[in-house]
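Report on one structure; see the data block that follows.
Read the figures in this text as sums done on the coordinates, not as results from a lab. Computed from a predicted model, the values in this text were never measured in an experiment. Backbone-built Cβ (ideal geometry, glycine too); neighbour counts: all protein chains shown.
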C-alpha cells in the first residue's frame with residue numbers, strides 16, 4: 001500500500017519540524033518513491049542510479065538538523081554533501097506540495113463533551129493548516145539559506161504547503177453503531193475540515209463502467225477490517241446519515257477532498273445524542289477485491305444499508321464514490337415512500353414591480369444531480385411534492401462549461417484527471433447546507449431531452465402535454481451519451497426515470513430491483529394521481545425541456561439539420577442550445593410566479609419557484625443553470 005502522511009505533531013520552529021515524527025515518516029515515503037523511480041531507469045544509467053540510491057538510503061532526519069544548525073562563512077565552505085542534502089530536501093518539498101498526500105489531524109472530543117462546536121473546530125483546523133504551511137515554507141528557506149541557495153527573487157504566493165486535508169476528529173466510539181459493526185468504532189470521525197483547493201488528482205480510472213446493484217450477502221467482514229487503514233466522514237445526505245469510510249491507500253484517499261467538497265457534514269449533536277447511521281459506505285476495501293463485492297446490501301437485522309466498493313484500480317474514480325453514496329440515499333428514500341429524482345433543482349426568488357411584472361431576483365441551487373420529493377398531504381387531501389436536495393457541491397464535467405464558468409470555480413475546486421482530455425471533472429461547491437436540507441414545494445418538473453434539435457424561434461419547453469404523456473418521457477428516460485460512462489458517444493440510450501440509482505428497469509424493460517421498483521411505482525402512482533389535480537389548479541407544471549446539449553453529435557442529426565435550426569456548426573449547438581432553453585425557462589418561471597401570486601391574493605411581494613430538471617449525465621441540467629446565471633446577470637466576475 002503506497003503510504004500517505006498523517007500529521008499529528010505540533011511544531012513551532014523549523015528545528016521542531018525536522019525532529020517530528022511526521023517529518024521522518026514523509027522522509028521515508030519520499031525516499032521510497034525516489035528509489036522506485038531510479039530503479040526504473042535505463043540499464044545504461046544503472047551505475048548512476050545505484051550511486052544515487054546509496055546516497056538516498058543513507059539520509060536521515062539528523063542530517064537536515066546538521067545542515068540547519070551549520071554556520072558556513074561562504075559558499076566555498078559548504079560541504080558538497082550539505083548541498084546534495086539541500087537539493088534532496090527541496091525535491092521532497094515540491095513532492096509534498098504536488099505528488100504527496102497529507103492529512104493534518106487534531107483530536108477534538110471537546111465538541112462532544114465540552115463547549116467546542118464544529119465551527120470553532122473549523123477555525124482552529126484552518127489556523128493549524130496555515131501555520132503548518134508557513135512553517136514548512138520558512139523551514140525550507142532557512143535550510144536553503146544555510147547553503148547560500150536562498151538568493152534572488154523570493155516566490156511567496158506560489159509556495160503554499162498546506163496539507164491536502166486538515167481535519168478535526170472525534171472518537172469513532174461516539175457513533176451509535178450496531179454491535180455487528182463494532183470494528184468501525186475504532187476509526188475516528190472527521191467532523192470539521194479545511195481542504196486544499198486548486199489541486200488536481202490523477203486517479204487510476206476516469207469513467208464508470210460497472211453498476212452499483214443490490215448484493216445477496218453483506219460485503220462487510222468485521223474480522224478482516226483493519227481500523228488503522230481507514231478514515232471516516234459522517235455525511236448528511238438528504239435526511240439520511242451515511243458514514244463514509246475511505247481506505248488510506250493512494251488511489252482511494254484522493255476521494256476524501258472531493259467527498260468533503262460535495263456533501264454536508266452530519267450534525268454532531270445528533271451523533272452525540274445517539275442517532276444511528278442509516279447507511280455505511282466503504283470505499284477501497286482491500287480484502288479479497290472482486291467486482292462481486294461492488295454494491296449495496298440491506299441488513300434487515302440491524303436496519304442499516306451497507307455499500308462497498310472494493311480496492312480495484314478500475315473502480316478508483318470519484319464517480320464510484322459519489323454515485324454509490326447517492327444510491328444508498330435513494331434506496332433509503334424509496335423504502336421511506338419518497339421519490340428520488342436524478343435532477344438539477346433550483347429555487348428562484350421572484351419579485352414584482354408596481355405593474356405586477358415578475359422579476360427574478362436570485363436563484364439558489366437545491367440539487368445539482370440528485371434529490372427527492374416527499375408527498376405531503378394538505379388540508380384538502382391532495383399530496384403535494386416537497387423537494388429536498390442531497391449535495392452542496394457538483395461533480396462537474398468541464399466539457400460543456402464556458403471559460404467564464406470555469407473561472408468562477410477557481411479557488412473552490414477539487415479537480416480529477418484534468419490531463420485526460422474528455423471527462424475532466426471538478427468538484428465545486430454550488431450551494432449551502434440550509435438550502436439543500438429545506439423542503440420546498442415543487443412548481444415545475446421537466447424531463448431534459450438533450451438530442452432533439454429545435455428550430456430557432458420555436459419553444460424549447462412543452463408543458464401543454466398531459467400528465468400521463470409527460471410521465472412517459474420520464475419513464476422512457478431517453479438521452480444521448482457523451483461517452484463519460486463507457487456509452488457510445490452520440491448514440492441514444494434509455495434509462496427508467498433517468499436512472500434514479502439504482503436502475504430499476506433495464507433498457508429492455510426488465511425489472512431489476514423488484515422490491516424497490518414496486519415501492520417506487522406505488523409512490524409514483526400517488527404522485528401521478530394528485531399531479532393531475534395540481535396541474536389543473538396551475539400549482540404544478542410538468543413537461544419536457546430541450547437542452548440540445550448533445551444534439552450536435554447525435555448520430556440521427558445531420559449537418560443540414562444543425563444549420564436549419566440556426567446553428568453555425570455542431571460545436572455551436574453545445575454552447576447555444578442551453579442558452580435558448582434558459583431564455584424559455586426564465587419566461588416560464590415568471591408566468592408561474594404570477595399565477596402563484598394570484599392564488600395567494602395578489603398581495604405578496606415575493607414568491608419562490610422551485611424547478612426540477614430531470615435527466616441523466618450530460619442532459620444539460622448544470623449547463624442550463626449556468627447559462628441562466630449568465631442571462632440573468634446575477635453574478636459579475
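When every Cα-Cα distance of the stretch 173-217 is counted in 10 angstrom steps from zero, the calculated P(r) takes the values 17, 21, 36, 25, 0 percent.
Report the residues of the stretch 160-190 in range of a label on residue 276: point 7 Å along Cα→C-beta, backbone N strictly under 20 Å from it. From the stretch 160-190, the list is 172-187.
Can you sort 96, 220 so the residue with the fewest Cβ neighbours within 10 Å comes first?
96, 220
For the stretch 430-484, the alpha carbon positions stretch 39, 33, 27 Å along the principal axes, listed from largest to smallest. Across the stretch 290-378, Cα pairs under 8 Å and at least six residues apart give a relative contact order of 21 percent.
Taking the longest Cα principal axis of the chain as reference, the axis of helix 570-599 is set at about 60 degrees. Based on the alpha carbons, how large is the Rg to Rh ratio for the stretch 288-329 when Rh follows Kirkwood? My calculation puts Rg/Rh at 1.00. At q = 0.13, 0.26 Å⁻¹, what base-10 log of I(q)/I(0) does the Debye formula yield for the stretch 552-596 when every alpha carbon is treated as an equal point scatterer in vacuo? For the stretch 552-596, the Cα-only Debye profile gives -0.40, -0.85.
When you count the other C-beta atoms within 10 angstrom of each residue and take the mean per peptide, 302-310, 532-540, 507-515 line up highest first as 302-310, 532-540, 507-515.
Take the Cα radius of gyration of the stretch 41-157 and divide it by 2.2 N^0.38 Å, N being the number of residues; the result is 1.45. Per-residue extension of 0.36 nm, minus the Cα-Cα distance of residue 186 and residue 46, leaves a gain of 45.9 nm for this segment. With contributions of -39500 (n - 2.57) from each DSSP H run of at least four residues, the per-residue ellipticity at 222 nm computed over the chain stands at -11000 deg cm²/dmol. Computed packing ranks the peptides 377-389, 178-190, 256-268 as 256-268, 178-190, 377-389, most packed first, by mean other Cβ atoms within 10 Å.
Between the helical axis of 21-39 and the longest alpha-carbon principal axis of the chain there is an angle of about 90 degrees. Can you give me the pair-distance distribution of the stretch 409-521, C-alpha pairs, 5 Å bins, whole percents? Reading upward from the zero bin: 2, 8, 12, 14, 16, 19, 17, 9, 2, 0. Using C-alpha pairs under 8 Å with a sequence gap of at least 6, the mean separation divided by the residue count of the stretch 12-93 gives a relative contact order of 36 percent. Converting the Cα gyration tensor eigenvalues of the stretch 326-457 into ellipsoid dimensions via √(5λ) gives semi-axes, longest first, of 29, 22, 16 Å.
If you wrap the chain's Cα atoms in a convex hull and average its projection over all directions, what's the area in nm²?
34.2
Expressed to the nearest 5 percent, the antiparallel share of DSSP beta bridges inside the stretch 100-211 is 55 percent. With distances taken between every two different alpha-carbon atoms, the stretch 264-319 has a Kirkwood hydrodynamic radius of 13.0 Å.
Taking Rh as the Kirkwood radius computed over C-alpha pairs, what is the Stokes-Einstein D of the stretch 115-237 at 20 °C in a medium of viscosity 1.002 mPa s, expressed in µm² per second?
In µm²/s, the coefficient is 115.
Across the stretch 273-392, the convex hull enclosing all Cα atoms gives 187 Å³ per residue.
Relative to the current alpha-carbon distance between residue 468 and residue 117, full extension at 0.36 nm per residue lengthens the span by 121.4 nm. Averaging 1/r over each pair of different alpha-carbon atoms in the stretch 1-110 and inverting the result gives 15.7 Å, the Kirkwood hydrodynamic radius.
Taking every DSSP beta bridge that has both ends in the chain, the antiparallel portion is near 65%. Packing around the peptides 332-342, 115-125, 74-84, taken as the average count of other Cβ atoms within 10 Å per residue, puts them in this order, highest first: 332-342, 115-125, 74-84. The residue 173 and residue 560 beta-carbon pair, evaluated with R₀ = 51 Å, returns a calculated FRET efficiency of approximately 0.15.
Put in line by how crowded their Cβ is, counting other Cβ atoms within 10 Å and starting with the fewest, 298, 230 read 298, 230. When every Cα-Cα distance of the stretch 213-279 is counted in 5 angstrom steps from zero, the calculated P(r) takes the values 4, 14, 20, 21, 23, 15, 3 percent. Axis angle, to the nearest 10 degrees, between helix 467-476 and the longest C-alpha principal axis of the chain: 30 degrees.
Beyond 23 Å, what percent of the Cα pairs of the stretch 178-332 remain?
Everything past 23 Å amounts to 30 percent.
Each principal axis of the Cα cloud of the stretch 1-66 was evaluated for its coordinate range; sorted largest first, these ranges are 46, 30, 12 Å. Once C-alpha pairs closer than 8 Å and six or more residues apart are averaged by separation and normalised to the residue number of the chain, the relative contact order reads 12 percent. Arranged from fewest to most other beta-carbon atoms within 10 Å of their beta carbon, 597, 580 become 597, 580. Is the shape of the stretch 74-121 best called rounded, prolate or oblate, per the rule: a/c under 1.5 gives rounded, else a/b larger than b/c gives prolate, else oblate, with a ≥ b ≥ c the square roots of the Cα gyration tensor eigenvalues? Prolate, since a/c reaches 1.5 and a/b exceeds b/c. In plain terms, the bigger the Kirkwood radius, the slower the diffusion; for the stretch 458-540, with that radius from Cα pairs, at 20 °C and 1.002 mPa s, Stokes-Einstein puts D at 147 µm²/s.
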